[in-house]
Ligand SMILES: [Zn+2]
C-alpha cells in the first residue's frame with residue numbers, strides 16, 4: 001500500500017511540478033510565460049530600467065540561476081558583460097552553455113550590423129553584430145518556437161500543451177503584427193537619429209532610415225566634435241526626430257534638439273522600460289504611437 005502511495009505521489013509531483021525558467025530580459029520572460037502557461041515559473045534577471053549591456057550582477061541573481069531548470073538568454077553578446085561569471089558561480093549543470101536547459105534566442109535570428117573587422121579596439125560593444133533584435137515584432141515567433149521546443153524536451157509530460165499554446169500564440173501574434181505593420185506604414189521613408197544602435201531591426205523592418213547615432217560608436221560616450229558633426233548633418237538632411245532610450249543621459253539629445261529643432265522620441269528598449277509597456281503588445285504599440293502618429 002505504502003509503495004503504491006509513494007508511486008502515486010511521485011507521479012503527481014512529476015505532473016504538477018513547474019519548470020523553473022530564468023530569462024535574462026523581460027521580453028524573453030513574457031515569451032516564456034505565453035508559451036509555458038501554468039507549467040512554468042518564470043523569473044527575469046535584468047530590470048528593464050537599466051542598460052541591458054551593463055546589468056549589476058546582484059547576489060540574488062545567483063539564487064535564481066541555481067534554482068533554474070532552463071535559462072533563456074538574448075545572446076549575440078548582449079549578456080557578455082555580466083552573465084558568464086554568474087552562470088559559473090551558480091554551478092548549475094542544467095543551465096550551463098551547451099546543456100539541455102540553455103536557450104540562446106539569437107540562434108534563430110539573422111543578425112545585422114556585423115563588424116567587418118574583428119576588433120574591440122574602438123570600444124565596440126556589438127562585436128558579434130547588433131544584439132537588439134527584440135525591437136522588431138517579427139522576431140518574436142521564431143523565439144517562441146525555440147522556447148516551446150526546448151520546454152517540450154525538458155518537460156515531455158506536457159509536450160502537447162506547449163505545442164497547442166505555441167500554435168495559439170503564433171496565430172494571435174500574426175494577427176497582431178499584421179495590424180501593427182499597417183500602423184507603421186505612414187512612417188516609411190522617415191529619417192531619424194538615435195542615441196545607441198538600439199532600434200536598427202525595427203527601423204529596417206519599417207523602412208525608416210537611421211542617419212546617425214549620438215554615440216560615435218556603440219558604447220562610446222558622445223564627444224563635442226561628433227555632436228557638432230551630427231548637428232550639421234541633421235540640418236543639411238532636415239532630420240527632425242531623435243530616438244532616445246530611457247536609460248542613457250538625455251542632455252546631449254536635448255542640446256541637439258535645441259540646435260536643430262528636432263524632437264526627442266523616447267522608445268522603450270524592452271517590455272516595461274517605460275510606463276504602460278508591460279506586455280509584448282503594449283511594448284510594440286508604444287513604438288507606433290510615439291513615432292508614427
Ligand atoms: Zn547595444
*Using Cα centres only, tell me the gap between the stretch 51-111 and the stretch 186-244 in whole Å.*
31
*Packing rank of 20-32, 86-98, where each peptide gets the mean count of other beta carbons within 10 Å, highest leading*: 20-32, 86-98
*Against the longest alpha carbon principal axis of the chain, how many degrees, from 0 to 90 and to the nearest 10, is the axis of helix 159-184 turned?*
20
*Provide the gained length on full extension for the span residue 164 to residue 209, in nm with one decimal, where the gain is 0.36 nm per separating residue minus the Cα-Cα distance.*
12.4 nm
*Could you tell me how many degrees, from 0 to 90 and to the nearest 10, lie between the Cα long axis of helix 224-237 and the main elongation axis, the longest principal axis, of the Cα atoms of the chain?*
80
*What is the extension gain from residue 237 to residue 172, computed as 0.36 nm multiplied by their sequence separation minus the C-alpha to C-alpha distance, in nm to one decimal?*
19.4 nm
*Taking the Cα atoms only, what angle lies between the long axis of helix 251-260 and the longest principal axis of the chain, rounded to 10 degrees?*
40
*asked:* For a quick check, take a GNM of the chain with Cα springs below 10 Å and name the residue from 211, 184, 70 with the largest mean-square fluctuation.
replied: 211
*By its C-alpha gyration tensor, with a ≥ b ≥ c as the square roots of the eigenvalues, how is the stretch 183-250 shaped: rounded for a/c under 1.5, else prolate for a/b larger than b/c, else oblate?*
oblate
*Computed [θ] at 222 nm, helices only, for the chain once each DSSP H run of length n ≥ 4 contributes -39500 (n - 2.57)*: -13500 deg cm²/dmol
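Note the full-extension length gain between residue 89 and residue 220 as 0.36 nm times their separation in residues minus their Cα-Cα distance, in nm to one decimal.
44.2 nm is the gain from fully extending residue 89 to residue 220.
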*What does the highest-first list of 212-219, 51-58, 198-205 look like by mean Cβ count within 10 Å?*
198-205, 212-219, 51-58
*Calculate the spin-label point distance for residue 259 paired with residue 292, positioning each point 7 Å from the Cα along the beta-carbon direction, and give it in nanometres.*
3.1
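Laboratory data are not the source of any read-out in this text; all were calculated from the coordinates shown. Here the structure is a predicted model, which means the values were calculated and not measured. As a convention, Cβ positions derive from the backbone with ideal geometry for all residues, glycine included, and neighbour counts pool all protein chains shown.
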